Amino acid sequence: MWRVGRWSTVLLAIFLMSAIACPAAWASPEGESIQQYGQPPLWGSCEQFIGDATRIPTAQCGTVSVPVDYAKPEGAQAQLAVIRIPASGDRIGVLVVNPGGPGASAVDTVASMGASLADTDIMRRFDLVGVDPRGVGHSTPELRCRTDAEFDAFRREPMADYSPEGVAHIEAVWRQVVDACAQRMGSEFLANVGTASSARDMDVVRAALGENQINYLGFSY
């Protein structure tokens, strides 16, 4: 989930493309309705995220607000960037795309896919939707633990000395990385970035889109 030093696996694993049935108001363990979080996006131009959107003229972009910590719904909020390219024909549903990584932008991916698949049955039958996970891509706050200069300095570290002194140095370097990240991003945000939060965020977006179910296409992670 980091733009700098992003991991992207070479192996592409398309692990799911199926209808995920969800009730309109999913109850959390705390008994709260998930609909209280996400409001319908205020759709606008995608130029705010991707710049030139002429190849996908029907695309709409906006944000959905989610709590950083679902146990504190009135606390700090994250803004999830969302892109939707409406079906051009006889619509049968929504196809949500997640390129994985972790750290790749679903908004950028859907923008590219939408242009490439413009004359296909996929685009005629499905709204193509991309949601940048919290901390990733065009969502805010951006999870960025290091500046480019700091990452360059990290790459110059000799992290291959496994003598007692070398191991101590490696541990010290990683402590610096972790401490700097916690100081920069805050421990609450870091504690709530992960698969569980992303899955819950996606269900909030589903409700915000007014959908009872989605089709999901996931790659990589």
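The values are calculated or read from the model by the stated rules, or taken from the named source; none is laboratory data. This one's a predicted model, so the numbers in the text were calculated from it and none came from an experiment. Every residue, glycine among them, receives a Cβ derived from its backbone with ideal geometry; neighbour counts consider all protein chains shown.
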- Note on the structure: The condition of being buried (at least 21 other Cβ atoms within 10 Å of the Cβ) and of a type in the set (S, T, N, Q) holds, among Ser116, Ser112, Ser139, Ser88, only for Ser139
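Taking into account only those residues within region 150-197 that are assigned to a helix (DSSP H, G or I) and among the basic types (Lys, Arg), which is farthest from Asp69 (Cα to Cα)?
Among those that are assigned to a helix (DSSP H, G or I) and among the basic types (Lys, Arg), it is Arg155.
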- Item | Single residue of region 53-68 satisfying the filter (of a type in the set (Ser, Thr, Tyr) and touching a strand residue (DSSP E or B) at 6+ places or on another chain (Cβ under 9 Å)) that is surrounded by the most Cβ atoms within 10 Å (Cβ to Cβ) | Thr63
- Item | Selection status of Asp152, among the charged types (D, E, K, R), touching a His at 6+ places or on another chain (Cβ under 9 Å) and free of Cβ contacts under 8 Å to residues at least 60 places away in the same chain | no
- Query: Out of all the residues in region 142-167, which are out of contact with any helix residue (DSSP H, G or I) (no Cβ under 8 Å at 6 or more places or on another chain), more than 27 Å from Gly51 (Cβ to Cβ) and surrounded by 11 or more Cβ atoms within 10 Å (Cβ to Cβ)?
  - Reply: Ala153, Gly166, Val167
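A quick yes/no check of all residues on (1) in contact with a strand residue (DSSP E or B) (Cβ under 7 Å, 6 or more places away or on another chain); (2) not aliphatic (A, V, I, L, M):
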site: Ala118; (1), (2): no, no
site: Val131; (1), (2): yes, no
site: Phe154; (1), (2): no, yes
site: Pro158; (1), (2): no, yes
site: Ser163; (1), (2): no, yes
site: Arg175; (1), (2): no, yes
site: Gln183; (1), (2): no, yes
- Message: Could you check region 69-85 and list, in sequence order, the residues that are surrounded by fewer than 20 Cβ atoms within 10 Å (Cβ to Cβ) and either in contact with a strand residue (DSSP E or B) (Cβ under 7 Å, 6 or more places away or on another chain) or not charged (D, E, K, R) (or both)?
- Response: Ala71, Pro73, Gly75, Ala76, Gln77, Gln79
- Message: Return the residues of region 115-147 that are modelled with pLDDT of 95 or more and outside any loop (DSSP other than H, G, I, E, B); say none if nothing qualifies.
- Response: Asp121, Ile122, Met123, Arg124, Arg125, Phe126, Asp127, Leu128, Val129, Gly130, Val131, Thr140
- All but one of (1) surrounded by 16 or more Cβ atoms within 10 Å (Cβ to Cβ); (2) over 23 Å from Tyr221 (Cβ atoms); (3) under 19 Å from the mean Cα position of the chain (by Cα) hold for Leu42, so report the exception by its number. (1)
- Note on the structure: Within region 100-116, residues being over 9 Å from the mean Cα position of the chain (by Cα) and either without any contact (Cβ under 8 Å) to a residue 24 or more places away in the chain or closer than 21 Å to Leu209 by Cα (or both) number 8
